[in-house]
Each structure stands twice: as C-alpha cells, then as structure tokens.
Amino acid sequence: MKRLLIVLSVFTVTIMASAQPMIKLSSNEHDFGTFKEESGVQKHDFIITNTGNSPLVIQNIVTSCGCTQPEWTRQPIPAGGTGKVTALYDPRGTWGKFNKTLTVYTNARPQVTVLSIKGEVVAREKTVEELFTFPVGPVRFESIHLAFTNIRKTEKKIRVMQIINTSDQPVKVEFDQLPPHLSLKVNPLTLKPGQKGLVEGTYDATKNNGWGNVTEIVKIKINGVVQTNAYYYVSANLVEDFSKMTREELANAPVFALASTNVDLGKMAGSTTREAEFKFTNSGKSDLIIRHVKSTCGCTAIQQGLTGVNIKPGESRSIKAVFNSGGYKGKVTKAIYVYTNDPKKSEVVLMLTAEVDQASASR
C-alpha cells in the first residue's frame, strides 16, 4: 500500500511538472516604417498563442520609454488559446528614427520575453504661431528675447531674429529709445503682408560700462506708434577680454584669493539688518581691480568704494554687504557677483545665508 502511494505521488508530481504554459509569438518585432508626426498614435498587435498545456498569464509589461504604452490580454490564456500584446507608440515631439522595447513578464518559461518596435517619424510642419512665439499687434517675433550671450568688453557682436507680418497691410517696425551701445533694426523696415524679415541687433560692449549679465527692456514701434504693453528684451554677459594676454602676463596676473565665498548670518528676526564680510587678498603679482560688484536683490546693499580701486599684490581687503531680512521667512540665500581682472576668477559668486524668524520680529 505504501509503495502504491509513493508511485501515485511521483506520478502526480510528474504530471504537475509537465503542466507548463508555452509562448508562441506571431512576431517579436514590428516596423512601423516612415510616418508623419501628425498621423498620431501608431498601434500594433503581437499575437500570442499558448502552445503549452496549462493557462498562460501575462503578469506585467515594462516599456523602454513613456512614448510607448502597452495593452494586453488580462485574463489567463488557455492551452491552445490566443491573446495579444498591443504596442501603442505616440510620436508627438519625437522625430527621426526610433527603436523601443516592451519587456513581457509571464508565468511561462522563460518568464521574460522582449518585443521591439521601430520606425521613423517625420516631424510635422510647425505653425506660424509655433515658429513666431511673440505677437505684437500685426507682427510676430521668433521670441521675446534676443540673447547675445558672452561679449568681451572690447568687441561688438551681431545677432539676428526672424519676424513676420501676419496682417493684410504693410507694417513698419522700429525700436524706441535705444541705449548708445545697442542698435536694433528690422530688414526690410516695412514688411509686406505675410512677409518675413530679420531683426538685426548690434551690441557694442565698448560703450557699456556694465559687467556681467545685463538686460535691456526695449519698446517697440509699429507704424510710428509705441506699443504700450509689448517689450522686447535684449541680454548680454559682459566679460573681460583676456584673449590677447601672453603666457608671461598670465603668470604675473593678479589673483583674487577669498578666505571664503560663503557667509552664514545665522538666525535673525524679520525686518532687521545684519552685515556680511567677505575677506580677500591679492595673492598675484600685479594690481587687482574690482570691476563691479552687484547683488541679486535690493535686500542686499553692497558697500561702495571698492570698484575701480587698484589693490596691490599682497594687500588684503574685504567686500561688505548688509542684508535686510524684511518679510522673508525661514532659510534665505542671496548671491553677490564680483567681477575682477583676475583671468582665472573674473566672475565670482559670493553666497550669504540666513534663517529668518518673523515671529521674533513682533516680540
């Protein structure tokens, strides 16, 4: 009897071990070919046949990017039955060739099956509104901002931007009250209906006494009338020109050596002031000049008197700033920008922090 039970147990285990779902795919790869972005979501069904002898369960599917979403047969697929995995590819904003995968987890062996989709998306043609994002009356600019990026203080730089007349009448576009260092003109000056033109900007850094990031807010004139609610922004980062320095001059240059670039003012009440001091030494071999010092907000006042002063080699000074906690609450961080003639540290950022307690201000 005992021997019979053992035989039956072995037989049962053998049957259970041989009961196994198996996957047969119609294909494990699909090529969508070339299609336009505006065609929308592309869809393909991978047909799965269970060639095993027990139910097949698709447990999960993981895709290689968010542009690909899976759908699949959720109920168990019986032996001999079929199910499917659907790959949905969204081409919005993804141009060119693509190759994506769907990793399918099941109760079959092997447990992981990888499907792949590929194709090529042809970008849709952008609308006028998308290409020219800044509308001003009858015209549209590519952007509200003309950026010159870095400009050496010894040079001029030219930048251009497209503009289009979207009206059915000729339009004359000009710019009002430009500073001496900036020239802006539209070419052609008068745009015909539907015509594109160029905003031609010339920035003469030799005529600007500023340093670092500077921004101009420019008024626009349409057919001789200044537009009251439309402003054009022009920015530049004005930097010292070290490009012509010799190796010997660089070796003998000034060195802006700071004791620390961070000052923690600690805890302070609201609407109170506290002074921060950043000590430095000219550890170079020629005179150090502080070109400019500026803070990121009006809450931080910078001491006057250092700008343009020659600081001899070995001489130490300090940059002092007074922070007003005003209505700030909690941890506050402010930046101070320092521009010097040190070719390795021509722009340095100093940081001051404080923990402002508004509750203590009312006590």
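The numbers here are math on the coordinates, done by the rules we state, and not lab data. In this text the structure is predicted, and so the values were computed from the model without any measurement. Neighbour counts are summed over all protein chains in view; Cβ atoms, including those assigned to glycine, are modelled from backbone coordinates with ideal geometry.
Counting each DSSP H run of 4 or more residues in the chain as -39500 (n - 2.57), what helix-only mean residue ellipticity at 222 nm follows after dividing by all residues, to the nearest 500 deg cm²/dmol? Could the numbers behind the result be given before it?
Numbers: 4 runs with 30 residues, N = 363.
One gets -2000 deg cm²/dmol as the mean residue ellipticity at 222 nm.
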Rounded to the nearest 10 degrees, what's the angle between the helix 2-18 long axis and the longest principal axis of the chain, both from Cα atoms, 0 to 90?
50
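Would you order 247, 109, 124 from fewest to most other beta-carbon atoms within 10 Å of each residue's own beta-carbon?
Details: 247 7, 109 11, 124 14.
The most exposed by this proxy come first: 247, 109, 124.
Cα-Cα pairs above 20 Å in region 95-252: how many percent? The partial results should precede the final answer.
Working: 7880 of 12403 pairs.
Everything past 20 Å amounts to 64 percent.
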Fraction of beta bridges assigned by DSSP in the chain that are antiparallel (%, nearest 5)
85
Cα-only Rg/Rh for region 234-284 with Kirkwood Rh rounds to 1.19
Taking the dipole about the Cα centre of the chain, with the C-beta of Lys and Arg at +1 and of Asp and Glu at -1, give me whichever of 327, 202, 214 is farthest to the positive side.
327
Region 247-361: antiparallel DSSP beta bridges as a percent of all, rounded to 5
85
Order the peptides 262-270, 42-50 from the highest to the lowest mean number of other Cβ atoms within 10 Å of their residues.
42-50, 262-270
Exposure proxy check: 295, 116, 39 ranked by fewest other beta carbons within 10 Å?
39, 116, 295
Within region 223-242, name every residue whose backbone N is under 17 Å away from a label modeled 7 Å from Cα of residue 147 along the Cβ vector.
232-239
Just how large is the dipole of region 20-122 about the Cα centre, in debye to the nearest 20, putting +1 at every Lys and Arg Cβ and -1 at every Asp and Glu Cβ?
240
Between the modelled labels at residue 62 and residue 262 (7 Å from Cα along Cα→Cβ) the distance in nm is 3.7
Mind jotting down the three principal axis lengths of region 20-122 based on Cα atoms? Whole angstrom, largest first.
45, 19, 19
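Neighbouring Cβ atoms within 10 Å as the yardstick, rank 174, 130 fewest first. Could you put the intermediate results ahead of the total?
On the way: 174 17, 130 9.
Starting with the residue having the fewest Cβ neighbours, the order is 130, 174.
Looking only at Cα atoms, what is the convex hull volume of the chain per residue, in Å³?
Cα-based convex hull of the chain, divided per residue, equals 335 Å³.
Strictly greater than 23 Å: what percent of every Cα pair in region 247-361 meets that?
Working: 2230 of 6555 pairs.
Value for region 247-361: 34 percent of Cα pairs lie more than 23 Å apart.
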